[in-house]
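First comes the structure, then the notes that go with it.
Bear in mind these aren't lab numbers, they're just calculated from the coordinates by the rules spelled out. Here the structure is a predicted model, which is why all the values come from computation and not from measurement. Cβ sites come from the backbone with ideal geometry, for glycine too, and all protein chains shown count toward neighbours.
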Amino acid sequence: MAGNICNASPAADGVPPLLALGAEVELASTGGRRRVALADYITGVRRTVRLPDELVVAVHVPHPPEGARGAFVKLGSRSSLVISIAMVAAVVRSDAGRIIEARVAVGACSPVARRLTDWETALAGCELSELESLRPDPAAHLSALAPIDDARATAAYRLSAVRELCLRAVRQAAAAREIMDVC
Ligand SMILES: Cc1cc2nc3c(=O)[nH]c(=O)nc-3n(C[C@H](O)[C@H](O)[C@H](O)COP(=O)(O)OP(=O)(O)OC[C@H]3O[C@@H](n4cnc5c(N)ncnc54)[C@H](O)[C@@H]3O)c2cc1C
């Protein structure tokens, strides 16, 4: 995980799940230790706030809210061993078919993976059965993203795909909750 975070690639698969979980990075040097929210740790493509004499010595993941479940959905040009075209992580707390709280982070669609806070706000209180109609709107909910054209996909394809991946990630996280309830 430390290597994945320090690489600071836009396509680092470890970053969106840790962002959705609200992780913090602990850095240490001979000068002392400090903790930085992962959201502030990666500042650009291959850029972090880590100083040359610092090592990542821990990644702190707070307990998710009671009853919350997570999911990670990755799109690549094949099913395994592939750099992501886009990926989405979701942590969802739901009850009786209604979303109480959702955290959603998207990778490979901006220089740094991003939480979709506007969409998260729109999801709170919604029925899971209405999810299809809550597909994120590019202007209203995806303005934090800035996908590019590259060898793997066009920006337009990424944006289109991520709207579906978001729905799948939230649905899978909520379904994990239902399975746990049955067990
Ligand atoms: C063929 C190929 C396919 C890949 N596919 C994927 C993929 O699908 N998804 C994905 O996310 N990544 C992928 N990667 C990128 C890479 O393998 C991952 O990012 C991996 O998680 C890096 O972890 P590592 O432990 O190997 O780090 P390393 O390669 O050992 O380190 C990466 C960088 O972080 C620094 N570093 C490592 N640990 C620390 C630390 N504790 N403190 C400070 N600096 C540190 C190193 O000095 C180095 O600069 C791929 C790479 C290759 C070559």
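Observations on the structure shown:
- Isotropic mean projected area of the C-alpha convex hull, region 4-107 (nm²): 7.7 nm²
- Overall, the ratio between the Cα radius of gyration of region 2-60 and 2.2 N^0.38 Å, rounded to two decimals, is 1.03.
- Packing, as the average of other Cβ atoms within 10 Å across residues, places the peptides 40-49, 110-119 in the order 110-119, 40-49, highest first.
- Debye log10 I(q)/I(0) at q = 0.12, 0.14, 0.20 Å⁻¹ for the chain, Cα point scatterers: -0.57, -0.76, -1.33
- Model label points for Ala155 and Ser77, set 7 angstrom from Cα along the Cα-to-Cβ axis, are 2.0 nm apart.
- Highest average packing first - 57-70, 141-154, 15-28, Cβ atoms within 10 Å: 15-28, 141-154, 57-70
- Positive-end extreme of charge dipole, region 48-183 - chosen from Gly76, Ile99, Cys166 (charges on Cβ): Gly76
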